[in-house]
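Notes to accompany the following structure.
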Amino acid sequence: MFYFSNPARKFLQNPYKILQPYIKPGMTILDVGPGWGTLRFPWQRLAGNTGKVIAADLQQAMLDGVRKNAVKAGVADRITLHLTKRTK
């Protein structure tokens with residue numbers, strides 16, 4: 001099964017090239033349904049040291065994956081994780 005946030009995707013569609021015209025240093029980006037955070041780190045790098053990414057997901061496991069990958073990428077201090085609630 002192919003996922004939108006598949007790490008191999010960056011070889012087919014460069015996230016920096018796609019997002020650079022839209023994300024500027026200092027911006028705050030909201031990512032709804034981030035998965036494991038594969039595309040988030042290019043967002044964070046484009047937003048720079050003063051920018052932030054807010055990752056909102058229904059599943060704590062997904063946010064745990066984002067946290068783990070953000071630590072590895074060295075951007076954990078600039079990513080806010082938000083566990084959302086389901087509503088009927």
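The values are calculated or read from the model by the stated rules, or taken from the named source; none is laboratory data. Computed from a predicted structure; not experimentally measured. Cβ placement follows ideal geometry from the backbone for every residue including glycine, while neighbour counts extend to all protein chains displayed.
Quick notes on this one:
- Taking the conditions (1) more than 11 Å from the chain's Cα centre (by Cα); (2) at pLDDT below 90 in turn, G26 satisfies each one other than (2).
- Filtering region 73-84 to residues that are more than 11 Å from the chain's Cα centre (by Cα) and either within 19 Å of G51 (Cβ to Cβ) or among the aromatic types (F, W, Y) (or both) leaves A73, G74, D77, H82.
- Among the residues of region 13-36, those identified as aliphatic (A, V, I, L, M) and outside any loop (DSSP other than H, G, I, E, B) are I18, L19, I29, L30, V32.
- Test set (1) at pLDDT 85 or above; (2) closer than 19 Å to Q59 by Cβ; (3) crowded, with 18+ Cβ neighbours inside 10 Å - L39 fails condition number: (1)
- Taking the numbered list (1) assigned to a loop (DSSP other than H, G, I, E, B); (2) surrounded by 12 or more Cβ atoms within 10 Å (Cβ to Cβ); (3) among the polar types (S, T, N, Q) in turn, N69 passes all entries but (1).
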